[in-house]
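The values are calculated or read from the model by the stated rules, or taken from the named source; none is laboratory data. All values derive from a computational prediction rather than experimental measurement. Please note: Cβ atoms are built from the backbone with ideal geometry, for glycine as well, and neighbour counts cover all protein chains shown. Please note that ligands, DNA and RNA were not included when accessible areas were found on the heavy atoms of the full protein model with its side chains. Shrake-Rupley method; radii C 1.70, N 1.55, O 1.52, S 1.80 Å.
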Amino acid sequence: MIPAPEQVTPTWLTGALRATAAAGARVTAVQSAPVGGGKLSRCVRLRLRWSPAGAGPATLIGKFAAADERTRRTGTDSDAYGRELLFYRRLAPTVPIRVPRCHLAEAAPGGGEFVLLLDDAAPARPRDQVRGATADDVALALGELARLQARFWGGAGLSGQDWLPVPGPAAGRRRAAAYRVTAEGFLARFGARLSPRARAVVAGFGTRVRRWAAAQQPPYTLLHGDFRLDNLLFGDDPGSAPLTVVDWQTVALGSGPNDAAYLVGGALPEDVRRDREEDLLRHYRRALATAGVRWAEAECRRAWRLGALAGLHMTVVGAMLVAADPASDAMFVSLAERHAAHVTDLEAFDVLDQHR
């Protein structure tokens with residue numbers, strides 16, 4: 001049985017953690033509190049008391065299906081829940097960057113309910129998505145991203161992982177359909193809060209989204225798929241790991257800059273991004289080269305321009321598939337403005353218009 005967060009008991013935790021706790025140890029008490037700002041799932045911090053003391057982790061993060069039925073259906077129908085479970089079961093031990101250790105990854109029959117028990121990365125914490133990050137924060141994250149992508153460049157190390165979505169005509173049609181279905185509703189809901197530029201870019205992408213999906217080119221690698229500030233935990237305190245990457249529900253194969261440009265476009269205030277983007281692009285390429293990947297500059301730049309559209313796609317589709325609330329709406333408006341400015345500055349539509 002998969003419990004809801006409020007139904008987690010010491011007895012259930014004792015059984016769930018039997019494989020990773022000391023032999024014969026048991027959880028004698030547990031306290032939980034909501035943590036994080038995730039929309040597709042519920043996360044809680046679990047504080048555990050053990051007998052004997054210290055026989056297992058003092059805190060864990062529990063991740064569960066969303067309480068809202070519509071959002072939970074989105075997580076199930078998109079296979080986001082299933083993908084994250086498989087990431088922790090099959091890929092997490094092989095990635096060269098820091099991700100939380102997984103103690104349990106289980107789903108109920110039918111996939112509607114699931115539970116992940118993960119190591120708590122605190123005191124590491126995300127940056128504020130609306131306020132934005134510094135260029136140094138983004139450079140750190142790009143360096144880690146390049147190490148991850150180099151490990152799986154060209155599909156290396158992913159043999160047999162046929163659960164990962166891959167680029168191709170069928171996937172492109174699905175992504176195009178998802179955008180076209182949601183863009184009108186996005187503009188109806190947020191249009192009055194968006195600049196004319198952002199409204200025009202959101203609408204203009206709707207006429208080009210199939211070309212964007214078709215324009216993706218190898219080499220492909222492992223993508224996080226939602227590589228933004230809410231999913232990056234920065235270790236600012238002495239002794240903390242510099243970065244821990246969480247929320248692997250959108251993991252897939254694709255072009256590396258879909259994650260890299262997405263991060264740059266969404267994490268930085270527009271003036272900072274314009275001033276530092278060239279430096280960050282060079283930093284990303286150097287980090288790939290250091291990890292053994294040589295990529296022609298012209299090819300990388302083309303992929304980067306297309307990658308700016310990944311943020312726009314994720315923002316529009318994501319906003320319309322989860323339950324609304326004021327904090328989420330403010331975030332989606334901020335992201336739409338930044339990604340629209342990024343698309344405009346890079347003239348990303350021009351790349352697509354050459355492929356009519």
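Quick look at the values:
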{"item": "Subset of segment 295-305 [of a type in the set (A, V, I, L, M) and surrounded by 21 or more Cβ atoms within 10 Å (Cβ to Cβ)]", "result": "A303"}
{"item": "Residue among R147, R98 that alone is part of a loop (DSSP other than H, G, I, E, B), within 30 Å of T59 (Cβ to Cβ), in contact (Cβ under 8 Å) with a residue 12 or more places away in the chain and within 17 Å of the chain's Cα centre (by Cα)", "result": "R98"}
{"item": "Residues that are free of Cβ contacts under 8 Å to residues at least 60 places away in the same chain, open to solvent by 60 Å² or more (accessible area, probe 1.4 Å) and not in a loop (DSSP other than H, G, I, E, B), drawn from segment 113-140", "result": "D136"}
{"item": "Number of positions in segment 242-275 that are surrounded by 24 or more Cβ atoms within 10 Å (Cβ to Cβ) and free of Cβ contacts under 8 Å to residues at least 40 places away in the same chain", "result": "0"}
{"item": "Residue in segment 70-87 that is touching a residue at least 24 places away in the same chain (Cβ under 8 Å), open to solvent by 40 Å² or more (accessible area, probe 1.4 Å), under 29 Å from P242 (Cα atoms) and not β-branched (V, I, T) present", "result": "no"}
{"item": "Scope segment 205-217; condition open to solvent by 10 Å² or more (accessible area, probe 1.4 Å) and either over 14 Å from G307 (Cβ atoms) or outside any loop (DSSP other than H, G, I, E, B) (or both); matching residues", "result": "G206, T207, R208, R210, R211, A213, A214"}
{"item": "Selection count where residues are buried (at least 17 other Cβ atoms within 10 Å of the Cβ), in contact (Cβ under 8 Å) with a residue 40 or more places away in the chain and within 20 Å of the chain's Cα centre (by Cα), scope segment 39-59", "result": "3"}
{"item": "L91 vs. criteria open to solvent by less than 20 Å² (accessible area, probe 1.4 Å), closer than 23 Å to P57 by Cβ and free of Cβ contacts under 8 Å to residues at least 40 places away in the same chain", "result": "no"}
{"item": "When residues of segment 276-294 are limited to those that are in contact (Cβ under 8 Å) with a residue 12 or more places away in the chain and either in contact with a Phe, Trp or Tyr (Cβ under 9 Å, 6 or more places away or on another chain) or closer than 12 Å to H342 by Cα (or both), the one surrounded by the most Cβ atoms within 10 Å (Cβ to Cβ)", "result": "Y284"}
{"item": "Selection from segment 150-204 of residues that are assigned to a loop (DSSP other than H, G, I, E, B) and of a type in the set (A, V, I, L, M, F, W, C)", "result": "F152, A156, L158, W163, L164, V166, L194"}
